[in-house]
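The values are calculated or read from the model by the stated rules, or taken from the named source; none is laboratory data. Note that this is a predicted model, so its numbers are computed, not measured. Quick reminder, even Gly has a Cβ in these numbers, built from the backbone with ideal geometry, and neighbours come from all protein chains shown. These area figures cover heavy atoms from the full protein model, side chains too; ligands, DNA and RNA do not enter into them. Shrake-Rupley method; radii C 1.70, N 1.55, O 1.52, S 1.80 Å.
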Amino acid sequence: LPKASRSCKSINYMEWEHSYMETQIKNLNEYFIDLQLLKVTKSIQAIMKGDTQNKAREKMEKAEARIEILKRVHGDKADKIKGLIAKLSQSVRERRSENERLVVQLKDLDGSVQVREAIYRSRVDSSGGEVNPMQQAATRMKRITMRRRLIDLARVQTEEIDFLRSELDRLRQRTFPSFAHAARNRLLLPPDEVV
């Protein structure tokens with residue numbers, strides 16, 4: 001009986017081992033089909049060849065080169081910004097010095113205004129404390145009449161110049177024949193009526 005049970009166990013074990021091997025064969029066949037259908041990319045090829053260290057080194061070199069480029073670009077930008085800051089600070093200094101000059105000029109102008117006001121007040125005080133309205137009216141009238149006389153004189157002189165020009169033209173026409181009047185008259189008439 002123990003022999004029979006052992007042989008039964010060994011038969012069962014062999015059947016199990018046979019079914020296990022068949023299952024493994026199926027799995028390996030499916031794995032082989034999956035490998036055949038797998039798209040091989042560069043990264044997978046590198047892994048298959050064992051070049052992963054080279055790829056990592058290349059990535060590191062690219063990253064370092066990029067860092068260097070970024071450092072250079074950052075340095076250029078920083079230099080530009082420093083230049084702008086220097087220009088702006090120079091502009092601020094110029095504006096401050098200009099403001100100081102304007103303050104000094106304003107003080108000078110205030111002083112001259114005060115001096116003129118003092119002169120005006122002294123004139124008013126010397127004329128009796130108030131400005132005489134009759135005297136102001138008289139000076140205003142003098143200015144108006146003087147201006148009117150000058151305008152009249154200018155008008156008379158322009159009329160005299162026009163007269164002298166026309167006289168000059170007339171005298172020139174006497175000494176030198178000119179056909180300008182005839183040509184002008186001919187252009188005024190229609191072409192059919194020209195004599």
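If you check R116, R93, R66, R72 for being out of contact with any Lys or Arg (no Cβ under 8 Å at 6 or more places or on another chain), open to solvent by 100 Å² or more (accessible area, probe 1.4 Å) and modelled with pLDDT under 95, only one passes: R116.
For region 54-79, a tally of residues being of a type in the set (D, E) and closer than 20 Å to S43 by Cβ returns 2.
Got at least one residue in region 82-98 being more than 28 Å from the chain's Cα centre (by Cα) and assigned to a helix (DSSP H, G or I)? Checking region 82-98: not a single residue is more than 28 Å from the chain's Cα centre (by Cα) and assigned to a helix (DSSP H, G or I).
Working only within region 128-138, note down all residues that are surrounded by 10 or more Cβ atoms within 10 Å (Cβ to Cβ) and either modelled with pLDDT of 80 or more or in contact with a helix residue (DSSP H, G or I) (Cβ under 8 Å, 6 or more places away or on another chain) (or both). The answer is V131, A137, A138.
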